[in-house]
Amino acid sequence: MTNQWRDLKNSDVVLVCGANPSENHPASMFHINKARDERGAKLIVVDPRFTRTASTAEIYAPLRSGTDIAFYGGLMNYVMENNLYHEEYVVNFTNASFLIDEGFQGPVDLDGYYSGFNAETQSYDKSTWAYQTNGDGNVLRDETLQDPSCVYQLLKKHYARYTIEMVESVCGMPRDKFLEVAQAFAATGAPEKTGTIMYAMGGTQHTVGTQNVRALAMVQLLLGNTGRPGGGVNALRGESNVQGSTDMAILFHIIPAYMATPNAAKHKDLAEYLEKETPSGGYWVNKPKFLVSLLKAWWGESATARNDFAFDYLPKISGGIDTYAWIAMFHAINEGTVKGLWVMGQNPAVGGPNARFEKKALEKLDWMVVQEIAPTATTDFWRAPDVDPASIQTEVFLLPAADAMEKEGTIVTSGRLIQYRPKVAEPPGQAMGDIEMMDLIYRDLAKLYEAEGGALPEAVLGLNWSHGADFEKICQEINGYWTEEVTDDDGNVVGTAGEMVANFTKLKDDGSTACGNWIYSGYWVPADDGDGNMVTASKRRGQKDPGDLGMNPYWGFSWPVNRRIIYNRCSADSKGNPWSEDKALIWWDAAEEKWTGYDVPDFSKTKGPGDAGFNDPFIMLPEGKGRIFGVRNEGPFPEHYEPLESPVTNALSSVQFNPVVKRWDVDSGQDVGDNIGTSDQFPIVCSTYRLCEHWQAGGMSVWLPWLAETQPETFVEMSPELAQEKGIANGERVIVSSARGEIEVVAMVTARFKPFAVNGKTVHQVGIPWHFSWQGLAKGGTANFLTPHVGDGNTGIPEYKAFLVDVRKAV
Amino acid sequence: MTLTWKWELVIYLWIAGIAGGAFFTAFLIDRFTGRKHEQLPKIAVFTSVPLVLLGSLLLVFDLGEQLRAWHLFTRFRVSSPMSMGSWILLLFALNGVVMIALWWSKSFEPSEAKPTVLSRVARVIRPAAAVVGILSWIEFALAVLLIAYTGVLLSATNQPMWSGILLLPALFVASAISTGMALLVLVLRTGLGRLLNHLFGGKGEPIPSETMHTMGIASIALGIIEIVVLVGYIVWLAFFSGAAGAAAVAVLLTGPMSLIFWGGVVLVGLVIPLVLEVVSARGKEAVVGSVLASASLILLGGLFLRAAVLLGGQMV
Amino acid sequence: MANAMLIDESRCMACRGCQVACKQWNDNPAEETHNWGSYENPPELSAITWTKIKFTEKKEGDEVKWLFLKQGCMHCTEASCEAVCPTGAISHQGQYVLVDQEWCIGCGYCVAACPFDAIHSIFESEDGGEQKATARKCVFCVDRTTNDLPPACVKTCPANALGWGDRDAMLAKAKERVGVLQASGFPKANLYGEHELGGLHRLYVLVDRPSAYGLPDAPKHATSTVGAQWLSGIVTAGVVAAVPFWLLFKRQRAKEASEGGEGQ
Amino acid sequence: MLEISRRQFLKGSGVSTGALLLPPMVPGRQEVPTFALHKKVGEARTICPYCSCGCGLLIATDSTGHIINSEGDPDHPNNRGALDPKSISVRQLSTSPHRLSKVMRRAPGASEWEEMTWEEAIPLVARRIKDTRDDTFQTTDDNGVTVNRTNGIAFIGGAANNDEDCYIAVKLARALGLVYIEHQARI
């Protein structure tokens, strides 16, 4: 989320598309309802099914799964056709005025492709997707937005095809519904209005997931909604700390705080890494400080300038998502490359795509270590109902873990708000915190390497493990500290060895600072709680809310540097004044000659009107402008492609699905394999989703009687029309099948599902919650037995939200 | 759905009705025939009091807190048919016991030589036997209240099949009298009546066959009355009680209770006995087997009626 | 001053936080359920489920409406359960209708009498069977609310659909909300509970007719016709039943008399 | 064994069937007597472990540290005391009899778990990690670039873990040379 949950109350229009806040983020409705009560805000829900969120919405518009880009494209087209965009914002704060390379061509010219496509590698040469620059390297601009090469004109041309009729026929969204939505949301283009877009996995879990999000972010730039109270691009993060776990980089491609994992092809040493990864402009110019501080934190004394601060101890990757990301990783497990799997609170046998495949891959492991709080289909995969334990040679260690109440830690909300959790209850039996058990494992490993040597023992033995399982010390390391006494140019001591740094602006690239995660820097140092008490920043409980905008700056700590709304320079106009009084967040105080207001400016505090870059609010980007034209693997503007499995052909071009996605075909044609279905066999679109009453792959909910009582088992929701076609009655048991497998579930026949009229064809859609397995008090067929092994073209996120199935009555 | 009231209550309502109905019938026959059947009320009391006690036991058994049953008799709550019913039940049984005691004392012939405890008791209470006539009027009133209560209990609720339908108490009363008389017929026809008669110093003289014949005719009349009330009740439910009433009718006629209703209430409880009785009444001498069969079936039918209405009413 | 609960069903999103919060505070165990083709579960209120959301789907032309009703004891001013309770264990304590758990005998009469199916006395035992116990229902978290804490369900509502406070204030708020709804596309919006059964202490803001939600449009007091019911029973006994007896046995007596006369 | 009996189901509730029992009352009272709270509301404050709204929780525990009450923190600006059904159920999350409470190992081919102590399990785990790491460690790639990695071990982490758990996990995994590191954010 660019904004905060509480900021939803400042919104004039809340567009929920690809999310279901009433069910999956219920507390957000508290703030949305506040906006509705206090500002007369409208709630719009765009979703394939009529959800509990839709039930209270002012407008509900149905949309066929996998057609978000067609919808957003239509919305942008509507906004531009009717000149409803926020002109001052678009001209000044986005790259709409930038001129693009003359060689650039798009789907309009190339029938669905952008210039530079290489059919053999299924990838693009992106050299024409670039800004035009003059001799000095400065980007050429046309602030009148009239130049045919400028981003705005290219955008207009690109989305001119996304007419209302096209939206209606591709998305299956009735014309009047689309217009209702478009009118309501486009109204936020008025300078004094803001609208927010809330999305979640409904947006991202597609082969075009990244471009779905790009599309809605572009809408927000066009309407001038980003960086402002009540606006923003708001990803409703799926788990209590998926923001934090991502910040901490439990992902192959990054190391903590969003720095790229060293890649053998690009970064043979530290110098090359820093050269290639440090941009010429924007805040990332400080990357060397962040990386060196991270290396210092990890390898301490062993990390010196002489050994590149132990840069070589960091493993390097040789490839991208098609080599390492989730789906690829399970292929590596399946083929035996990965022999040991270490699992911390994960349940791939329920949560992974094509879960039968992933479950079967687990059988190939030599060993598996699982840190878990309750039995799951993964911990006990070797005795699932359909397998013979004797045939599985995997050795499994099950380490009982303390749950969230039973250990100390911090977690991060979707709004980047870091909050401290004390230990408030005792763990059961032998269970202990994950830190404690990993500490035990490390100590034993160190003992073994000390005694026996082995592969690169220095990386293990040299690891700075002085914190052990001491929570306080770990937090200090993440926050960052001085490794030695440092003085400034005047000889004043700015930091002493071991003292925590105040924030990341203090970090150095010479080894004098260590910091485990630069964006968290400041989270563990004492800070004012608004009442004059100095309290560890993440533990603060100050109630004051200057400006009454829900920023609550004295509550917890929001990374970076306690900033509540990022890109908040956009909350003031091109002169530095608030767009409107009631949404004044930060502004240029001419008298004081600095930025001031109710939030920490996401901007150089003293950069005033007339200074270069005064209207460059997006400080993490070298050009400082919001990217309406933004390069991704499929192209700079999102283009509609059908899901990999779709019942219809692409109405916009002859390119059926995202041309850059990798298609896996291991064991295809076999019972368990990378099978892809066709609409003649599997004519029905299916989505998986979550219920308010359960959680993710179930480990934290299916064993809880109160929750099992409310939602006891898996079901499939379908329209009465489909049920009639298939002779299915409500409450009956049915079989849902896909090319990957089939599951038996309860049929829920409901008018909340309606067949879509797509291009004159009737397309049925069904939906299945995915929490369940054979484990738990609440149980049932595992929806992910049906989902395909295919991921987004940029991130590899599986296409859980649009795939093909068939439904029949169980006998 | 969860049934709060199950078979205990079904049987309880059934036998409470029988008990009240039996005394009601016996008392009226005696009175209407100019006290020519004094043994009938005695037989009725003797059979109904144990029934009522058995019913009370079932009622207590059905309570969530059985040991607190005495709480019922610490309050007299006119608004609560169950409170009223508890009192009626208690008084009916007590009064019945007193009546039995007095009748017994009257007929007790103590051995002059050896006064026993029993004979002393008999001698002490015998003077009070004069009021037994008044007590039987009271017992009659209690019997009327008792059989009405079984219906009122259900209708003072909010279950669509029961609530506020004036014909439900009527139906239960009709059925109670019908089953009560059926029990009497059974008792009389099986010789049990004579046995009971002996207990009170009677000679075991049989009930005149004319009376038995008239009782057969009365039973036909009661059967017809019950059918009329039942039809009225169903019509009332179906057409004048909204959607919930219609749903209740569906439960009875086509739903989970349909077998009990059509098979048990209508066929077993009403149609077959009526046919048997009509056939039997045409002959000069009643066919004993046929009379016994129809009486038994009427009794069973009463049980089915309670079951259909009590259980079905909780299914709407 | 009587308090009441305000339930704005136009805001309820059926997350069922209230349903579980009630169990949590009151230490009520879960029921074993199965999916019966609905999100709704347990299917009905029970002795261990004191509040729950009832889900109703309704088609209006091309649009579908999903109506949610937070069910539970209404704490009626004219409480049927209280009236029919044979032992007086159910009583008003101010606006609260409470069951004295030490005095209740578990007869189940209140269960049948409640117009809202809000009170129950059957428990599932550990082996899956059923057992009867004292009657239980929503108590408006009386231990919380008499200690200045809101009821558990009200406190937990993330949609802000629930309120607790002075009944007059809640009524005023409800009426204002109904006005807003009527003016914004919900012509059928109405307030339920102001006058029903002498005034309920659960007040509902509904966007459709009460019966569309599964509420009785005109809830009825269980004993409102009890006098007539008694009369019906007695009259039936007296007139309908006794008349044939009188006719038949009078005739028999007369016949006997005449036959006797002839015979002598 | 895998079927859940009714008994287990109720037991999992972590509460007795004895619901709030009210003391004897005088019927028909106009004034409401004050009833004693039947349990502590709770003073311990924490954050909900389910969705990413970061709502505040109030937790009360008994003398053994087991949760007896869980409800919303009224002072928390994100939820002001409100909670959804999952958040309220953290009590059962913590006290569930189905929680894993023993260290266990499943031997290859075995059909049951065997219980063990931490002291027994950790050396075995460390041994497997070390052996696999050492066996599969790559110092350089085909081009002679130092890569110092192992493809033999994969780590998948949870998104419900604390920041510090995740940090320690990543630090340890990277130090061991792991490149297959993924978690919920990817799926």
* Structure fact -> Of the convex hull enclosing the alpha-carbon atoms of the range B:107-225, the direction-averaged projected area in nm² is 10.7
* **Leading residue at positive end of dipole, chain B (Cβ point charges), from B:249, B:53, B:9** => B:53
* Asked: Radius of gyration and Dmax for the range A:146-189's Cα atoms, expressed in Å?
  -> 12.8, 35
* Förster radius 51 Å - calculated FRET efficiency between residue A:363 and residue A:605, Cβ distance, rounded to 0.05 -> 0.35
* Structure fact -> Whole-number value, in Å³ per residue, for the convex hull of the alpha carbons of chain A is 172
* Structure fact -> Quick note, the range A:168-244: a/c under 1.5 would make it rounded; otherwise a/b > b/c is prolate and the rest oblate (a ≥ b ≥ c, C-alpha gyration tensor); here it is oblate
* Asked: For chain C, what is the calculated [θ] at 222 nm in deg cm²/dmol (nearest 500), taking -39500 (n - 2.57) for each run of four or more DSSP H residues and dividing by its residue count?
  -> -9000 deg cm²/dmol
* Structure fact -> With label points set 7 Å from each Cα along the Cα-to-Cβ direction at residue A:590 and residue B:106, the distance between them in nm comes to 11.8
* To do: From other protein chains only, count the Cβ atoms within 10 Å of every residue's Cβ in A:306-316, then give the mean.
  => 4
* If you take the square roots of the eigenvalues of the alpha-carbon gyration tensor of the range B:7-313 and sort them as a ≥ b ≥ c, do you get rounded (a/c under 1.5), prolate (a/b over b/c) or oblate? -> oblate
* **Contour minus Cα-Cα distance for residue A:665 and residue A:306 (0.36 nm per residue)** => 124.6 nm
* For the protein assembly as shown, what Kirkwood radius comes out of the mean inverse Cα-Cα distance, in Å? -> 36.7
* Structure fact -> For chain A, averaging the sequence separation of alpha carbon pairs under 8 Å that lie six or more residues apart and dividing by its residue count, the contact order in percent is 16
* Structure fact -> For the residue A:165, residue A:721 Cβ pair and Förster radius 25 Å, calculated FRET efficiency rounded to 0.05 is 0.55
* For the range A:434-441, what does the Karplus curve 6.51 cos²θ - 1.76 cosθ + 1.60, with θ = phi - 60°, yield as ³J(HN,Hα) per residue in whole Hz, taken in order and with x for Gly and Pro? -> 4, 4, 4, 6, 5, 5, 4, 5
* To do: Measure up A:9/A:42; A:339/A:359; B:42/B:106 against 20 Å on the Cα-Cα distance and list the ones that go over.
  => none
* Taking a point 7 angstrom from the Cα of residue B:97 along the C-beta vector, which residues in the range B:136-154 have backbone N less than 14 Å away? -> none
* Taking only C-alpha pairs under 8 Å that are 6+ residues apart, what is the relative contact order of chain B in percent? -> 24
* Structure fact -> Too long for a 18 Å Cα-Cα cut-off, among A:726/A:754; A:289/A:506; C:59/C:220; A:754/C:58; A:177/C:65; A:296/D:171, are C:59/C:220
* Asked: With the dipole of the protein assembly as shown worked out from charges on the C-beta (+1 for Lys and Arg, -1 for Asp and Glu) around the Cα centre, which of C:233, D:81, D:113 lies farthest toward the positive end?
  -> C:233
* Calculated FRET efficiency for the pair residue A:450/residue C:44, C-beta based, R₀ 60 Å, to 0.05 -> 0.40
* Asked: When the scattering of the range A:6-235 is computed by the Debye formula from its Cα atoms alone, each counted once and equally, what is log10 I(q)/I(0) at q = 0.10, 0.16 Å⁻¹?
  -> -0.47, -1.12
* Among B:43, B:147, B:125, residue whose mean-square fluctuation peaks in a GNM of chain B (springs only between Cα atoms under 10 Å) -> B:125
* Roughly how compact is the range A:704-759, stated as its Cα Rg over 2.2 N^0.38 Å to two decimals? -> 1.31
* Asked: Considering every residue in B:172-180, what mean count of other chain Cβ atoms within 10 Å of its Cβ is obtained?
  -> 3
* Using the membrane-span-like helix rule (whole DSSP H runs, Cα extent along the own axis of at least 20 Å, mean Kyte-Doolittle hydropathy at least 1.0), which helices of chain B qualify? -> B:7-32, B:39-62, B:81-107, B:132-155, B:167-189, B:209-240, B:288-313
* Asked: Are there any helices in chain C, counted as whole DSSP H runs, that stretch 18 Å or more along their axis by Cα and score at least -0.5 on average by Kyte-Doolittle, and if so which?
  -> C:167-183
* Rounded to two decimals, what is Rg over Rh for the range A:396-489 when you use alpha-carbon atoms and the Kirkwood radius? -> 1.06
* **Estimated 222 nm signal from helices in chain A, with DSSP H stretches of n ≥ 4 weighted -39500 (n - 2.57), rounded to 500** => -6500 deg cm²/dmol
* What length, rounded to one decimal in nm, is gained on full extension from residue A:127 through to residue A:265, with 0.36 nm per residue of separation minus their alpha-carbon distance? -> 47.7 nm
* Structure fact -> Output ordering of A:27-38, A:534-545, D:171-182 (per-residue mean of other Cβ within 10 Å, highest first) is D:171-182, A:27-38, A:534-545
* Structure fact -> Per-residue average of other protein chain Cβ atoms inside 10 Å, peptide A:323-329 -> 5
* Which listed residue (C:189, C:140, C:162) has the Cα farthest towards the positive end of the charge dipole for chain C, taking +1 on Lys and Arg C-beta and -1 on Asp and Glu C-beta about the Cα centre? -> C:189
* the range A:360-492: relative contact order in percent, alpha carbon pairs under 8 Å with at least 6 residues between -> 17
* Quick one: which of C:166-175, B:298-307, A:497-506 comes out on top by average Cβ neighbours within 10 Å, and what's the full order, highest first? -> B:298-307, A:497-506, C:166-175
* Asked: Based on the alpha-carbon gyration tensor of the range D:41-99 and its eigenvalue square roots a ≥ b ≥ c, which shape applies: rounded if a/c is under 1.5, prolate if not and a/b is larger than b/c, or oblate?
  -> oblate
* Just how many % of Cα pairs in the range C:3-213 lie over 31 Å apart, if you round to the nearest whole percent? -> 18
* Structure fact -> Stokes-Einstein, Kirkwood over Cα pairs, the range A:93-197, 4 °C, 1.567 mPa s; D in µm²/s equals 79
* **Distant-in-sequence amide H partners of residue A:542 (H built 1.01 Å from N, under 5 Å)** => A:555, A:556
* Structure fact -> Going from the fewest other Cβ atoms within 10 Å to the most, one would list B:99, A:405, B:212 as B:212, B:99, A:405
* **Separation in nanometres of the label points that stand 7 Å from Cα toward Cβ, at residue C:175 and residue A:809** => 5.5
* Report the net charge of residues surrounding residue A:244, where surrounding means a beta-carbon distance below 10 angstrom and charges are Lys +1, Arg +1, Asp -1, Glu -1. => -3
* To do: Note down the nm distance, to one decimal, between modelled labels 7 Å out along Cα→Cβ at residue B:141 and at residue A:175.
  => 8.2
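Every read-out reported here was derived from the displayed coordinates using simple, explicitly stated rules and does not represent laboratory data. This is a predicted model, so every value here is computed, not measured. No Cβ is skipped: glycine too gets one built from the backbone with ideal geometry, and neighbour counts run over all protein chains shown.
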